């Protein structure tokens with residue numbers, strides 16, 4: 001029996017993880033949950049999984065949750081704030097921590113879990129985007145396992161398992177292309193948030209859905225793959241694959257390739273991270289091969305979707321630049337969702353912020369968090385112009 005804590009249990013990854021866990025009660029037990037402000041769903045999860053501890057993001061939500069808790073919840077301890085979430089991340093009874101908080105807010109709790117010696121099932125790519133060198137150093141120092149949950153990184157992990165990294169020439173991340181694949185930049189002028197949120201293949205949260213539409217999500221994944229697998233960014237390629245059946249490809253030195261295929265269902269990589277090195281039965285529906293009309297691949301259109309190029313520029317610059325990229329993107333995406341700016345404005349604003357950033361070595365968490373705060377303030381200044 002493995003004890004599981006989920007950071008971000010009410011989000012898309014968290015809900016899928018609980019779906020998997022509920023099917024294997026003899027293998028997994030929920031010991032801790034954290035959430036943002038969706039307390040009605042969190043209470044449902046508490047009723048179903050009976051965690052020892054839960055934490056929410058702020059004091060107001062904490063008070064509301066406490067007021068809504070009935071007597072049968074008395075054994076579940078309730079915490080709040082960054083400190084409370086970090087406490088859940090590092091609680092002694094947890095064996096595996098699923099890091100699924102969206103955005104920069106996932107960094108400190110993930111580091112807390114690593115330092116507490118937990119196995120990390122990582123769905124929060126921003127942890128490695130912001131502070132990849134620091135995080136991987138902490139992983140090595142603590143001797144913990146860091147298992148990828150992003151479908152693309154899980155696919156690479158599965159493809160290279162047992163292989164020498166010296167035999168690998170290139171990693172190829174696939175991207176669906178999002179809802180606007182094939183459009184020109186002129187055709188994106190009147191895009192509304194509801195249009196960008198309609199992902200053709202995946203059911204995801206709002207922020208990651210917009211990132212998928214701009215291709216920023218793939219850029220962040222390139223940075224994540226660089227740190228996870230120790231591969232230089234110039235040996236990590238992106239291919240647009242609209243069918244979302246092949247989740248990533250590994251190219252070997254001898255000209256051969258290994259790819260991982262499945263239905264586009266996040267329960268697969270979640271289950272693999274939880275059960276590694278075993279596989280759980282019946283997690284996803286098998287592919288109906290005879291119904292696949294074809295698998296197609298295209299180079300990304302960097303002119304129409306410049307966010308991917310911005311990510312490559314950030315990793316090339318190194319230091320605090322990836323943290324600036326990530327923070328500026330978070331603010332710009334929220335501004336688009338609030339209809340303050342247009343879809344095409346997102347990468348324009350991010351580039352302005354990156355161009356004005358004074359680069360520093362990202363050698364401490366404090367430096368990274370300072371760069372994150374600066375980028376948010378600078379992005380808001382651009383939005384107010």
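The values are calculated or read from the model by the stated rules, or taken from the named source; none is laboratory data. Quick caveat: nothing in here was measured; it's all calculated off a predicted structure. Every residue, glycine as well, gets a Cβ built from its backbone with ideal geometry; the counts of neighbours run over all protein chains shown.
Scanning region 232-242 for residues that are assigned to a loop (DSSP other than H, G, I, E, B) and surrounded by 18 or more Cβ atoms within 10 Å (Cβ to Cβ) turns up 241, 242.
Across region 178-202, the qualifying residues are those that are assigned to a loop (DSSP other than H, G, I, E, B) and out of contact with any helix residue (DSSP H, G or I) (no Cβ under 8 Å at 6 or more places or on another chain), and the one among them that is modelled with the lowest pLDDT is 201.
Where strands (runs of 3 or more DSSP E) fall wholly inside region 74-123, the ranges with 2 or more residues that are modelled with pLDDT under 95 and farther than 13 Å from residue 138 by Cβ are 77-80. Here residue 271 passes the criteria (1) in a helix (DSSP H, G or I); (2) without any contact (Cβ under 8 Å) to a residue 24 or more places away in the chain; (3) touching a helix residue (DSSP H, G or I) at 6+ places or on another chain (Cβ under 6 Å) except the one numbered (2). Checking every residue in region 291-303 against the condition of being part of a helix (DSSP H, G or I) and at pLDDT below 95 gives at least one match.
When residues in region 124-150 are screened for being modelled with pLDDT under 95 and over 16 Å from residue 318 (Cα atoms), 3 of them pass.
Exactly one residue among 38, 47, 16 is surrounded by 15 or more Cβ atoms within 10 Å (Cβ to Cβ) and more than 16 Å from residue 80 (Cβ to Cβ), and that residue is 16. Residues of region 124-151 that are outside any helix (DSSP H, G or I), in contact with a helix residue (DSSP H, G or I) (Cβ under 7 Å, 6 or more places away or on another chain) and without any contact (Cβ under 8 Å) to a residue 60 or more places away in the chain: 144 alone. Please determine whether any residue of region 331-339 is surrounded by fewer than 19 Cβ atoms within 10 Å (Cβ to Cβ) and touching a helix residue (DSSP H, G or I) at 6+ places or on another chain (Cβ under 6 Å). The answer is yes, given that some residue of region 331-339 is surrounded by fewer than 19 Cβ atoms within 10 Å (Cβ to Cβ) and touching a helix residue (DSSP H, G or I) at 6+ places or on another chain (Cβ under 6 Å). The combined condition, being surrounded by 15 or more Cβ atoms within 10 Å (Cβ to Cβ) and modelled with pLDDT under 95, is fulfilled by residue 264. If the condition is being more than 29 Å from residue 154 (Cα to Cα) and buried (at least 18 other Cβ atoms within 10 Å of the Cβ), then region 172-210 contributes only 188. Name the pairs whose Cβ atoms lie under 9 Å apart, with the first residue in region 369-382 and in a helix (DSSP H, G or I), the second modelled with pLDDT under 95 and crowded, with 17+ Cβ neighbours inside 10 Å, and 6 or more positions between them or separate chains? Partner pairs satisfying both residue conditions: 369/104; 372/104; 376/104. Looking across 316, 351, one residue alone is surrounded by fewer than 16 Cβ atoms within 10 Å (Cβ to Cβ) and closer than 25 Å to residue 237 by Cβ. It is 316. Of the residues 154, 166, which single one is buried (at least 24 other Cβ atoms within 10 Å of the Cβ) and either outside any loop (DSSP other than H, G, I, E, B) or touching a residue at least 40 places away in the same chain (Cβ under 8 Å) (or both)? 154 is the lone residue from the list that is buried (at least 24 other Cβ atoms within 10 Å of the Cβ) and either outside any loop (DSSP other than H, G, I, E, B) or touching a residue at least 40 places away in the same chain (Cβ under 8 Å) (or both).
Looking at (1) in contact with a helix residue (DSSP H, G or I) (Cβ under 9 Å, 6 or more places away or on another chain); (2) farther than 30 Å from residue 340 by Cβ, which one does residue 164 not meet, given that it meets all the others? Going through the list (1) in contact with a helix residue (DSSP H, G or I) (Cβ under 9 Å, 6 or more places away or on another chain); (2) farther than 30 Å from residue 340 by Cβ, residue 164 breaks only (1). The criterion of being crowded, with 18+ Cβ neighbours inside 10 Å and within 24 Å of residue 101 (Cβ to Cβ) does not hold for residue 366. Scanning region 1-38 for residues that are part of a strand (DSSP E or B), in contact with a helix residue (DSSP H, G or I) (Cβ under 6 Å, 6 or more places away or on another chain) and touching a residue at least 60 places away in the same chain (Cβ under 8 Å) returns 5, 6, 7, 28, 32, 34.
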